[in-house]
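Novice: Please find one structure pasted underneath; my questions will follow.
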Amino acid sequence: MSAPGEHTPPENGGRYPVESEFNAGAPMHPLAPPTARRRRRGRVVALVVTVVVVAAAATGVTVFLTRSKAAPQAGAGGGVAPASYASFEAEYPATKGAIARINTIGCNGSAYVGTGFAIDAHHIVTAGHVVEGSTTLSVTLDGNPVPTQIIGLDASGDVALLQSDNALPAPYIPLADSAPAVGERVAAIGFPLGAGLTLTQGSVSALGQDLTVNNNHLAGLVQTDTALNPGNSGGPLIALDGTARGIVDALNTKANATGYAIAPQYAHSEVQRWIATPESHPLPLCNAPSPYVAAGVPAPPAQSPTMTPSAPSPDRVQVTESAASAQAPAVLAISQRYYNAINAHDYDAWTATVTSQRASQQSRASWNQGYRSTHEFSVVVTAITPTGADSATVAMSFVSTQDPADAPSDLPVTRICWQTQLPVTNLGGDARIGTARSGATTKNSC
């Protein structure tokens, strides 16, 4: 398989962009011994890590789970000293560039969207359930693909840390190392329902909150009246001093304005530990038992508010709700034909989906050799940006498997996650896919 920027197969990093909301638990109370804290929380997360809605039997409350290299100089995300803002209206434009959109494909084949945030030039924090139970993962900052790897995952505490070998541009949102004050103004920034970036404001309602979900106890949560939705999972609960005062985690759907975040002091200590001693968590992360079996409740349909209603075949191209537009049907149709041709190893069918310029860049012999063992799947269209009346730039992610001998020379592995942005023309007629511009494609082993 040729590298995307070299006029060969589409280059996309793979993970699905719809969010199945999220984490079932909250970090244990910061004063509890770390091991005990993780054990208590672990019992819960094992039950609900992929659950969309779970009933809390003991309290009658329904908790909506929102899945959806250099160490920093000053703790967990101290690359830039936090600023002080007079209002969230002033803070939002100054910090929104630090918010990461995390697209994943779950082990059940469903697509999810979550949020994360850059704490320094190489690290992105998110909730553990955003990445746990995933087969692929792709991250974008300001719409730009960011290759990352998971270097920290505390499933019991629902915290995860991603690292990028490439320097992430400022701004950054450092994690606070102490609890917020009750009454402190906070805001949640993220991708609710898998749509565009939003900010909602509120305040800290309480600290050290406990929840019981499926007879399992959760403790140490920050409670907020800030409006939260699936897709906000993993995003920052940000204060006016520019720091994250919590990691958005869960929503009580049976009460008004009652959401929960992972306590910052717990997440801060975990992140510092991972930065000092990185762990390895290669994908897929599908080893945990089914939460539905453990919880003794029927598994719901494989869908979420931001994905197509049914779990499609991995070979079917999907378009996220946030990418829906008048051009989406034509983009979906030409993309499906394109990947079908690759997977059928049919050069003639492939040339019928690409521009004449792109077809001329690859002979039948070189194409057949490059794709002879390639299978591309879990294709997701994450954004469609019109460039004309019948043309657009299409952001996509996908996964490829191939014999290492047929993989790109700089990444000779069996499984690769891709992200790319491809030009598509003539969407009103015989649509064609062009060649990705230089730098528009990223890939990593997954």
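The values are calculated or read from the model by the stated rules, or taken from the named source; none is laboratory data. Since the structure is predicted, the reported quantities are computational estimates derived from the model, not experimental observations. Positions of Cβ are generated from backbone atoms using ideal geometry, with glycine treated the same way; all protein chains shown enter the neighbour counts.
Novice: Could you tell me which of the residues 218, 228, 283 is crowded, with 20+ Cβ neighbours inside 10 Å and modelled with pLDDT under 85? Walk me through it before giving the result.
Specialist: On the way: 228 fails: modelled with pLDDT under 85; 283 fails: modelled with pLDDT under 85.
The conditions single out 218.
Novice: Having 1 or more residues that are within 30 Å of residue 134 (Cβ to Cβ) is the bar; report the helices (runs of 4 or more DSSP H) wholly within region 342-421 that clear it.
Specialist: Numbers: elements: 347-351, 356-360, 364-371.
It comes to 347-351, 364-371.
Novice: Might you let me know whether region 203-210 holds any residue that is closer than 24 Å to residue 324 by Cβ, touching a strand residue (DSSP E or B) at 6+ places or on another chain (Cβ under 7 Å) and modelled with pLDDT under 95? It would help to see each step written out before you state the result.
Specialist: Initially, region 203-210 is screened for residues closer than 24 Å to residue 324 by Cβ, giving none.
Looking for residues that are closer than 24 Å to residue 324 by Cβ, touching a strand residue (DSSP E or B) at 6+ places or on another chain (Cβ under 7 Å) and modelled with pLDDT under 95, one finds none in region 203-210, hence no.
Novice: Could you check residue 353 against (1) over 24 Å from the mean Cα position of the chain (by Cα); (2) surrounded by fewer than 19 Cβ atoms within 10 Å (Cβ to Cβ); (3) under 28 Å from residue 101 (Cβ atoms) and say which number it fails?
Specialist: That leaves (2) as the condition not met.
Novice: Now, a different point. Go through (1) out of contact with any Gly (no Cβ under 8 Å at 6 or more places or on another chain); (2) closer than 23 Å to residue 401 by Cβ; (3) at pLDDT 90 or above for residue 354 and report which single condition fails.
Specialist: Among (1) out of contact with any Gly (no Cβ under 8 Å at 6 or more places or on another chain); (2) closer than 23 Å to residue 401 by Cβ; (3) at pLDDT 90 or above, residue 354 violates only (1).
Novice: Additional query: For residue 418, are the conditions met, namely being among the aromatic types (Phe, Trp, Tyr) and over 30 Å from residue 113 (Cβ atoms)?
Specialist: Numbers: among the aromatic types (Phe, Trp, Tyr): yes; over 30 Å from residue 113 (Cβ atoms): no.
Answer is no for this residue.
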